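A short write-up of the structure that comes next.
The values are calculated or read from the model by the stated rules, or taken from the named source; none is laboratory data. Keep in mind that this is a model prediction, so the values were computed, not measured. FYI the Cβ positions are ideal-geometry reconstructions off the backbone, even for glycines, and counts take in every protein chain you see. These accessible areas exclude ligands, DNA and RNA; they are computed on the full protein's heavy atoms, side chains included. Shrake-Rupley method; radii C 1.70, N 1.55, O 1.52, S 1.80 Å.
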Amino acid sequence: MLRPTIAAVVVAIAALVATSAGAQPAAERRPPGKQNDAADAYGEMLRRTDSDAYARYVRLRAARDASLAELNRAQDRYRSAGPELRAVSLPQMRAARKKYATDEAAFLDFLDERDRKTLEQYRAATEQINRLLEQRARAREDLRELTKE
């Protein structure tokens, strides 16, 4: 009875670690490597445990990544444009920045929602473990009483 609870807590801790690793500020260009590995591991955990959340995670992450790529392209166009052409590319860059901010906020909201759900699961698991500890303490007291007789 205790082992599945501990396993659930371990999985939830791994998810939290992956969540916090995947939730790094994305305003900068993301280097491939550990961040993507952590995000992929988090996505894999979601795929195995909650297919609806996984579908939402994939959709939000793809939208965020696409809007970040568009923002980077718009910023590159703005930087490479001469002073006379910057006025033309500025509205595109602002629109791309706004779209990215919206998509990143939606992704962060999803991660927050998942983390709150995970915390609630931790609380429930902690309460269950505490009840088991209390039961064992009472059983020990009963056994001590029996050995005194």
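Observations
- Gyration tensor (alpha-carbon) shape descriptor, segment 29-149, a/c threshold 1.5: prolate
- Projecting the Cα atoms of Ala74, Leu85, Phe110 onto the dipole axis of segment 62-149, where Lys and Arg carry +1 and Asp and Glu carry -1 at the beta carbon, places Leu85 farthest toward the positive end.
- Estimated inter-spin distance, Ala55 and Ala124, nm [label 7 Å along Cα→Cβ]: 2.2
- For the listed peptides 64-71, 46-53, a ranking on the average number of other beta carbons within 10 Å per residue, highest first, reads 64-71, 46-53.
- Per residue, segment 95-149 exposes 76 Å² of solvent-accessible protein surface, assessed with a 1.4 angstrom probe and all protein chains in place.
- In summary, the aspartates and glutamates within cross-link reach of Lys98, defined as a Cα separation below 12 angstrom excluding same-chain residues under 8 places away, comprise Glu70.
- Computed with a 1.4 Å probe over protein heavy atoms only, the accessible area of Glu104 comes to about 20 Å².
- Chain lengthening between Thr147 and Glu84 when straightened (0.36 nm per residue, less Cα-Cα): 13.4 nm
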